[in-house]
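Data first, discussion second: the structure below is written as structure tokens.
The values are calculated or read from the model by the stated rules, or taken from the named source; none is laboratory data. Here the structure is a predicted model, which is why all the values come from computation and not from measurement. Here the Cβ is made from the backbone with ideal geometry for all residues, glycine too, and neighbour counts use every protein chain on show. Accessible surface is based on the protein model in full, side chains and every heavy atom, while ligands, DNA and RNA are left aside. Shrake-Rupley method; radii C 1.70, N 1.55, O 1.52, S 1.80 Å.
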Amino acid sequence: MYKVVIFIFFIGIFSSITAQTKIKSLYVLDSIHITALTSKKWHKAYHLITLKDTLLTTSTLTDLLFNKTAVFYKEYGRGMIAGISLRGTGTSHTQIVWNGISGNSVLNGQTDLNTFSPAGFETIYIKKGGSSVSFGSGAIGGVLVFEDRIKFDQKFNLQNQSKLGSFETLVNTLRVENSTQQLYFKFKGQFQKSKNDYPYPGYNVKNENGAYQGIDYGVIAGYKINTYQQWYFKSKISNWDRETSRTLYMPENARLKTANQYLLTGWKYKKDLFSTKFDVAWLYESFSYYNNKYLEAHTDSNSKRLLLKNVTLWQLPHQNKILLGNEWQAQIGEGDYIKRHTRHNYAVFFIWSKNNARWLTQLKLRKDFNSVQTGPLTGAAEWVYKLSNTHKIRANVSHNFRLPTFNDLYWQPGGNPDLNPEDSYAGEIGYDIFFPHFKINTTLFYIHTSNLIKWVPVSGDFWQPQNFETVTSQGVETTISVFTTLFKNWTLEDELSLNYHKVLNNETQKLLPFTPQLLGNNNLRFSYRKCQLAYHFHYQGKIYTTTTNTKYLPSYQLHDLSLAFRLNTHWQSTLSLKNIFNTYYETIPSRPLPGRSYEITLNFKL
Amino acid sequence: MKKINLFLLLSLLIGLSACEKDTIEDDPGDFVSGIFVVNEGQFMHGNASLSFTDEQLAVVQNDIYKTVNNADLGDQAQSIGFTDENAYIVVTGSNKIEVTDAGTMEKIVTIASGLTNPRYFETISTSTALVTCWGDPSVSTDDYLAIVNLNTNEVSGQIPVELGPEKMVKNDDYLFIAHQGAWGTNNKVSVYDMILNKIINVLNVGDRPNSMVIKDNYLWVLCGGEPSWTGNETAGQLYKIDINNNFNIDAIFNFETTEHPAFLSLDRDNLYYYLDSKVYQMPVTVTDLPATEFLSYNGAAYNMEAYNGKLYITDALDYQQEGTITGFDLASGQQIGTKTLGLIPGDIAFHIEE
């Protein structure tokens, strides 16, 4: 029973940075995308971490996060279930936002990073900090935003990436895009397959039940009806079939099949100072867990969501903007351990934005009405103050929440229908310095979350979720990026990220287990003509594994090297050497990640 | 500071044992007489461990397997059994038994094949032991007893049994196997004849038989009943079975439907069991369940055993920190002490030199 629970919940317990953020003029709200709450313009008071896969060598979301950020994620072995943890919050406290739609599972409140391919999106960024007011339940630690953009720029693009790696790993990614003045079309698809039988460094054990295979694809289409109106369709479909890795001491023969479908269609209108958009989205997810992969017997669960959303924006005189949004959704979840349940949620939200030459102020309010537990009134107040063209201060405070998941409410046995939403207050203050060749961003943050839902033993081997803990998280995050030309044709780039957080259980005053205090990431790149040499360093501080802080996983540092060579405008090849020193490391006890490994990537662009 | 203390303690322990080995002939070992507690460790975290203490809970040595052998014990250690010379630590998640010297805890060999989700170990002769095994817990028909050849420390065969074999008790002739039901539920006790070397009877008892004791030719079986979360709640029951009279049921003591007792234990002429943070004492001669508790425990017991005038309760606390053992004097009902053990302390084994 417990084992099944572990997998279905892929529990996380609980925590970047490229300084790629382009600092443009602070105060222009002019894009047609403006009704998109994912637009960076609505999050000026935050340091957004834009993720760009410079060498086009990453293929999974865990890869991308590992390479580009000092964000903590927990992975149950390479390619296995993985969850992100921002600022020491739980893995269900980061909302994955797909084209403006909150994508986390209705069943477990999370998104498995290894089944969500980042390939083919034009915009990916991490926003750390409370975001419930824009993205609803679960956005306590932050959001991970993925956007497919539609452009009528009459261009044809084709990109293909093929990758071969250690442990019989094959990844192929294709992105094709074509547009006229009126029509836009994009297809993106990724296939992955790996035997994944990596040895556990220092142990006489292999990852003998870790093979996986998955496909992730989507079609994006747009039609420009006239100057003012546009219709669009976006989709993302994935199917994964994975064995589940053994631990150091426990053999495994289980298997997990997952499917996800995100479909969205919408219409937007913009004329003069008024814009509006309507979205209809359909989301489906399913899990099939085979405790024994050699048998037919398995347990299933699935959820379906229908979502209707309208966002309207008025630009008023004197640099005032008002945004009003409505979102209604129906959620249905069912499975072998969950009887069929339906939940409706209606949210209304409001934003007022005002700026002058130096100041930007945004006030945001949201109220969720839910058929099971009504969400609290949430809100945020955000300020940016421009000291000069190269310095600015930003600050924000927010009230955020997370509704109990279907598993928390209805799982049998254990589900607790009397749970209250988690309640969180957050604040941060940041200082940014941005020169063309040098950027530094620093943020101090504080998060206080109460009523945290945790599965706890109630009697004997009976576990139940309860509103159990109050947790305070505070810390500092810094990113520094440098770009310089050394000599003629020689350039050097460096991106350094450092995060420190202290996450305390308010009652015991102990550090929360499974949350590192210190995280660091550095990317150093030398380019000479058509060659680029990249060195990647990743540090993770020790992680306590007991609530009394008596046991911990040691800290580790990893070093990767890669050499990219651009043959011509069409072809580029990259050779990567990962975990050069064959370091043993794990983010979950007894679940080692690979030692030294190799990859060769071939990119083609037309 | 803590680190330094721990370091000192460790080096002291190692120094001590090294010293003894150098100087004493026929070293009886460091763990000759005392109480072993098997700490299950967290599910799939590979942090099972073994603790050792004395009857007064004066001194506890934690992590003794790792300290002696410089190796992790494995995932979900369930129980420990003994022969005259050896200890057999049954590690469910790792599908193995670590065989060690009972006195020094030095590893002799690992029994790594023929065991699928092994639970408990019991000898049936000087050369043979049986180990209850669940097989694949998602399959209800592959449960078995593994036959362990104690001379070679290998599994030499299997005896198929009913679903979910768990704890065992024995007298001179019979070994009784409680079928609690593994991931499911069951209501059987198998009777293994140690002379005929086969299962001669399967007794029907209440739902989820979780613990047994034998006193004067009577087998007492405590059945927890189906808990409420199953949606099919049944009352706990205590069965008294007459071993010499064809295993006939001598008496059944019924609990309330919402009562699910556990951890039946025997000391002298009294039975002890645990129910909702209370310990009950019941003379084996009485005809009714006790109306009031013998003592209250401030916590949630993960296991409980009585021995030699004392009662020991382990507590897993929140399952994410080291658990505890608390001892009570059975004459006075007073607590004698509490000590911190490893993660999720379960099986309590008395290996006392008389």
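Shown for the stretch A:453-485: residues covered by the partner protein chains by 10 Å² or more of accessible area relative to the chain by itself (probe radius 1.4 Å), namely A:K454, A:P457, A:G460, A:D461, A:F462, A:W463.
Against chain B, whose longest principal axis comes from its Cα atoms, helix B:2-23 is set at around 80 degrees. Each label point was placed 7 Å from the Cα along the Cα-to-Cβ direction; for A:T508 and A:V458 their separation is 2.2 nm. Based on Cα atoms of the stretch B:237-354, Rg over Rh with Rh as the Kirkwood radius reads 0.99. Residue separation of A:E208 and A:K339 scaled by 0.36 nm, minus their Cα-Cα distance, works out to 43.7 nm of gained length. Hey, quick one: spin label on A:Y425, modelled 7 Å out along Cα-Cβ, who in the stretch A:379-402 has an amide N within reach, i.e. under 15 Å? Of the residues in the stretch A:379-402, A:379-381, A:396-401 have backbone N under 15 Å from the label point off A:Y425. Over the stretch B:87-166, the pair-distance histogram of Cα-Cα distances with 10 Å bins from zero comes to 21, 54, 22, 3 percent, rounded to whole numbers. Approximating the spin labels as points 7 Å out from Cα along Cα→Cβ, the B:T340-to-B:V202 distance works out to 4.6 nm. Across B:Q281, B:Q334, B:Q56, mean-square fluctuation computed from a Gaussian network of chain B (C-alpha pairs under 10 Å connected) peaks at B:Q334.
Take the eigenvalues of the Cα gyration tensor for the stretch A:334-412, scale each by 5, and report the square roots as semi-axes in whole Å, largest first. Before the final figure, lay out the partial values.
On the way: eigenvalues 318, 36, 14 Å².
Its equivalent ellipsoid spans semi-axes of 40, 14, 8 Å.
Over all alpha-carbon pairs in the stretch A:411-457, figure out the percentage whose distance exceeds 12 Å. Of all Cα-Cα pairs in the stretch A:411-457, 75 percent lie more than 12 Å apart. When the surface is traced with a 1.4 Å probe over the full set of protein chains, A:T508 keeps roughly 70 Å² accessible.
Before rounding to the nearest 500, sum -39500 (n - 2.57) across all DSSP H runs of length at least 4 in the protein assembly as shown and divide by the residue total; then give [θ] at 222 nm in deg cm²/dmol. Before the final figure, lay out each step's value.
Working: 6 runs with 53 residues, N = 960.
Counting only the DSSP helices, I get -1500 deg cm²/dmol.
Interface burial in the stretch A:240-279, defined as at least 30 Å² less accessible area with all protein chains than with the chain alone at a 1.4 Å probe, covers A:Y249, A:M250, A:P251. List the residues of the stretch A:363-384 whose backbone N lies under 20 Å from a point placed 7 Å from the Cα of A:T312 along the Cα-to-Cβ direction. Output list for this probe position: A:363-369.
Which residues does a label at B:D216 reach in the stretch B:253-285, if reach means a backbone N under 11 Å from a point 7 Å past the Cα toward the Cβ? Zone members listed by number: B:269-270, B:284-285. Each residue of the stretch B:258-274 was assigned a 3J(HN,Hα) from its phi angle through the Karplus curve 6.51 cos²θ - 1.76 cosθ + 1.60 (θ = phi - 60°); the sequence is 8, 9, 10, x, 8, 6, 5, 8, 10, 9, 6, 9, 10, 8, 10, 9, 10 Hz, with glycine and proline shown as x.
FRET efficiency for the B:N171 to A:N292 pair, using the beta carbon distance and R₀ = 30 Å, is estimated at 0.20. The contact residues of the stretch B:292-325, meaning those that lose at least 20 Å² of 1.4 Å-probe accessible area when all protein chains sit together rather than their chain alone, are B:D318, B:Y319, B:Q320, B:Q321, B:E322.
All Cα-Cα separations within chain A were binned at 10 Å from zero, giving a P(r) of 3, 17, 28, 29, 17, 5, 0, 0, each value a whole percent of the pairs. Cα centroids of the stretch B:127-169 and the stretch A:556-571: 54 Å apart.
Counting only protein heavy atoms and rolling a 1.4 Å probe, how much accessible area do B and A lose on contact, total for both sides, in Å² to 100?
In total, chains B and A hide about 2600 Å² from solvent.
Give, in nm to one decimal, the length gained when the segment between A:I215 and A:T485 is fully stretched (0.36 nm per residue of separation minus the Cα-Cα distance).
Here the answer is 93.1 nm.
To the nearest 0.05, how large is the calculated FRET efficiency for A:K257 and B:A291 if R₀ is 56 Å and r is the Cβ-Cβ distance? Write out the running numbers ahead of the final one.
Working: r = 54 Å, r/R0 = 0.96.
Efficiency for this residue pair is about 0.55.
Taking label positions 7 Å along the Cα-Cβ direction at both B:N232 and A:L387, the computed distance is 7.0 nm, reported to one decimal. Remark: the B:T258-B:A58 segment gains 68.2 nm on full extension, using 0.36 nm per residue and subtracting the alpha carbon distance. Each 20 Å bin, from zero up to the one with the longest distance, holds this percent of the alpha carbon pairs of chain B: 29, 60, 10, 0.
Can you pull the percent of the protein assembly as shown's accessible area that's carbon plus sulfur, 1.4 Å probe, other chains left in place? Don't jump to the answer; show the numbers that get you there.
On the way: 20600 of 37720 Å².
Here it works out to 55 percent.
Residues in the protein assembly as shown average 39 Å² of solvent-accessible surface per residue, probe 1.4 Å, ligands and nucleic acids excluded.
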